[in-house]
Amino acid sequence: MREPRPSAFFSERAKSAWAGRLRRRRSVSCASDSYDCGAIAAMRLTYNRAQGMGSLAHLFIESCRNYADRPLWLTRHEDGFQATTYAQAEKRVACIAEQLAARGVAKGDRVAIMAENSMQWAILDWAILSLGAVTVPIYPTLPAADVGAILNDSGAEIAFGGSPKLVETLASAGSAAEVVPFEELSWLEEPSDLEAWRSKASSLDAKDVATIIYTSGTTGEPKGAVLLHEAFVFLCRTIRTQLPVGPEDRFVSFLPLSHVYERMAGHFLPVACGASIAYARSLKTLAEDIRVAQPTILLTVPRFLESVKSKIEANVPAGFKRKLFEATVRMGKARLANGLKPVGLKGRVLDWLVARKVRERLGGRIRFLVSGGAALPAELAEFYGAFGILILQGYGLTETAPVISVNHPDRSVYQSAGEVLEGIEVKIAEDGEILMRGPSLMVGYYNKPDATSQAIDAEGWFHTGDIGYLEGRRIYITDRKKDILVLANGKNVAPAKIEGILKSQPSIGECMVVGDGSDHISALILPRWEVLAPELRKRGIHPADREQAAQSQWLRDRIRQDIQAANAQLADFEKVKDFRILPDEWTIEGGELTPSMKVKRRVIRERYRDWIEQMR
């Protein structure tokens, strides 16, 4: 394949704009290094470090040497999980890299992966990176039209599909990329020359492009964030100084590896720390896979935590056991304040009778969960805290690779998005927007110089689009800038806050509040059907008939009751005055959710325009 010059990634106009911008950047200081930012070809950021920063390939090879006999990848078999050691993993990556090179993959080539999480996904990614090629991950849930847009925009020359269905999607995407099924690769062979591969892979530059990751597109067209090897290596080093992660830790991978959150924190970071990664077979088997794998760290998103919470609540039997469960939940805030230790004799009894069993469902070895991708409602942290489970909230975006901040287990403030990582600068703009700059920032949006110029200003600050504030090094997020609602009276309303409180109520699953230009806030409500099912059946309403259920007076009264409870926690101008119960389900396939499970507000507003107008 043709090896494109790195400078070909961006237009001359974009490079010129960035050159001037970066020349004006100030020196950035962090814990031990000093960075002097200047402009070079391909809009890359240059940092003069006292200590060199290697590539991801170098990081992988170092870990395989340091942790050779320890398990890296764990795959599920009938009798448990089978381990692949770091030494074995290195050989498999080298072997696949040789096969890719034989297919013509060379430095700078864009190579797409469309597959569910698996050891093969990981091997292929490390192999691509070791050749200096650029990985373009694609969500396996995307339709062919979106897949084609990514393949064509990125200029991917080859695309690997993890299943026959995904191979078919890639083949029908309308792209010139060669489509290769996973099964055409030999995953278990020995490399012909391991030392030659090591030598070539170790010579890669940290400032080479590692990946182009396309944003989920909650408000518009997806954009490809171009991220360097350096961004991820920097984060691996820095996070290790702020989070206690090491070789004894075990992760379970189930969030999409095509998302930067899982790729960084559940793929690159464990390798940097010598930890192991168990791959869940599917969402249907996830609960069982987690129980058997016994992870110490679990990466999650609020939507997953809400789903697990609903299932736990729905499975608690009535009577004395439910009373014990409710007593345990009521002690959540007190237990969090007590460092997750049971409070008093009552707390110890409830921990043995109730909380211990919940922890065992997660394998019994969990040290902490990390929640990212969206704001974590305080009520969720308190619910899990009641069972002795610590959730550390973090914050970041695709464009920042993604971590900007994360809470520390010993000083976690669950209402915040954590402490800004050392080496990263954050400030708050006059309008409340959070700005960031640092070594993990993308170099730009692929093929989109205008969008890049809008996102990163003349001083190199990335405009996150999030509204929030700082207390020392700790970040608090209030909402997305584009999502802020302006009422008819001029009041600015942050919908995420209201939605978080609404979703903490027992009967409300998903929701979206509206009210732009109106004199009050209204809400579209998707009930928590699995929780409500027993009560609906008692009243002769079949839960599966959601059209009928959504129109029932009992359900409307039940939802209204929970909205009133939520309103008690809100200011007058934030209170929900009207609502509509939707019989629908919002899904990725239906187009209402992004692949990272965020609500597409623009789509929802258009789809339910008439209902929204009725509530104005």
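Coordinate-derived values only; no laboratory data. Computed from a predicted structure; not experimentally measured. Methodologically, a virtual Cβ is constructed for each residue, glycine included, from the backbone with ideal geometry; neighbour enumeration extends over all protein chains shown.
Looking at segment 368-469, which GluC sites (Glu not before Pro) are DSSP coil and have at most 10 other C-beta atoms within 10 Å of their C-beta?
Glu430
Which trypsin sites (Lys or Arg not before Pro) does segment 372-443 hold that lie in a coil by DSSP with at most 14 other beta carbons within 10 Å?
Here the trypsin sites (Lys or Arg not before Pro) that fit, given the DSSP loop and packing criteria, are Arg411.
Once the Cα atoms of segment 484-614 are picked out, what are the Rg and Dmax in Å?
14.7, 45
Taking every pair of alpha-carbon atoms in segment 222-304, what share in percent sits in each 10 Å bin, from 0 to the bin with the longest distance?
Per 10 Å bin, starting at 0, the Cα pair percentages come out as 16, 48, 29, 7.
For Arg359 and Ala337, compute 0.36 nm times the residue count separating them, minus their Cα-Cα distance, and round to one decimal in nm.
Gain on extension, Arg359 to Ala337, equals 6.0 nm.
Sticking with the crude label model, points 7 Å out along Cα→Cβ, report the distance from Leu324 to Arg65 in nm, one decimal please.
It works out to 5.5 nm between the two label points.
For the peptides 493-502, 300-309, 572-581, what is the packing order when you average, over each peptide's residues, the other Cβ atoms within 10 Å and list the highest mean first?
Descending mean neighbour count gives 493-502, 300-309, 572-581.
Compute the helix-to-body angle for 229-242: its Cα long axis versus the longest principal axis of the chain, expressed 0 to 90° and rounded to tens.
50
Translational diffusion coefficient, Stokes-Einstein: compute it for segment 144-240 using the Kirkwood radius over C-alpha pairs as Rh, at 25 °C and 0.890 mPa s, and state it as an integer in µm² s⁻¹.
Stokes-Einstein gives a translational diffusion coefficient of 152 µm²/s.
Before rounding to the nearest 500, sum -39500 (n - 2.57) across all DSSP H runs of length at least 4 in the chain and divide by the residue total; then give [θ] at 222 nm in deg cm²/dmol.
Rounded to the nearest 500, the figure is -10500 deg cm²/dmol.
Over 15 Å, how big is the tail of the calculated P(r) for segment 254-340, in percent of all Cα pairs?
71
Around Leu286, what is the net charge, scoring Lys/Arg as +1 and Asp/Glu as -1 over all other residues with Cβ under 14 Å from its Cβ?
+3
What is the distance, in nm, between label points placed 7 Å from the Cα along the Cα-to-Cβ direction at Arg602 and at Val292?
Going from the Arg602 label point to the Val292 one covers 4.3 nm.
So what is the orientation-averaged projected area of segment 194-345, using the convex hull of its C-alpha atoms, in nm²?
Projected over every direction and averaged, the Cα hull of segment 194-345 covers 13.9 nm².
Per 10 Å bin, what percent of the C-alpha pairs of segment 297-481 does each bin hold, from zero upward?
Taking every Cα pair in segment 297-481, the percentages come to 9, 33, 28, 17, 10, 3, 0.
Taking loop as defined by DSSP and a crowding limit of 11 other beta carbons within 10 Å, which GluC sites (Glu not before Pro) in segment 51-133 fit?
Glu78
Give the relative contact order (percent, whole number) for the chain; include only Cα pairs under 8 Å separated by 6+ residues.
It rounds to 12 percent for the chain.
Check Leu392: other-chain or 5+ apart residues with amide H under 5 Å from its amide H, H built from backbone geometry?
Leu369, Val370, Ser371
Give, in nm to one decimal, the length gained when the segment between Val413 and Thr285 is fully stretched (0.36 nm per residue of separation minus the Cα-Cα distance).
42.9 nm
FRET efficiency for Arg556 and Asp519, Cβ-Cβ distance as r, R0 = 25 Å, nearest 0.05?
Efficiency, from the Cβ-Cβ distance: 0.65.
Given that compact globular proteins tend to follow 2.2 N^0.38 Å, what is the ratio of the alpha-carbon Rg of segment 53-293 to that value?
For segment 53-293, the normalised Cα radius of gyration comes out at 0.95.
Could you tell me the calculated FRET efficiency between Glu585 and Lys538, based on Cβ-Cβ distance and R0 = 30 angstrom, to the nearest 0.05?
0.85
Nearest 10 degrees is fine. How inclined is helix 320-330 to the longest principal axis of the chain, computing both from alpha carbons?
Rounded to the nearest ten degrees, it is 60.
Tell me, rounded to the nearest percent, the portion of alpha carbon pairs in the chain spaced more than 36 Å apart.
When every Cα pair of the chain is considered, 38 percent fall beyond 36 Å.
Using 0.36 nm per residue, how much length does the chain from Glu547 to Ala488 gain when fully extended, once their Cα-Cα distance is taken away?
The Glu547-Ala488 span can extend by a further 18.0 nm.
Once the Cβ-Cβ distance between Leu188 and Asp457 is put in as r, and R0 is 45 Å, what FRET efficiency do you end up with, to the nearest 0.05?
With R0 = 45 Å, the Cβ-Cβ based efficiency is 0.35.
With a 10 Å radius around each residue's Cβ, average the other Cβ atoms per peptide and rank 284-291, 536-543, 155-162, highest first.
Listed from highest to lowest mean packing, they are 155-162, 284-291, 536-543.
Just need the relative contact order of segment 484-614 here, percent rounded to a whole number, with Cα pairs under 8 Å and 6+ apart.
For segment 484-614, the relative contact order is 23 percent.
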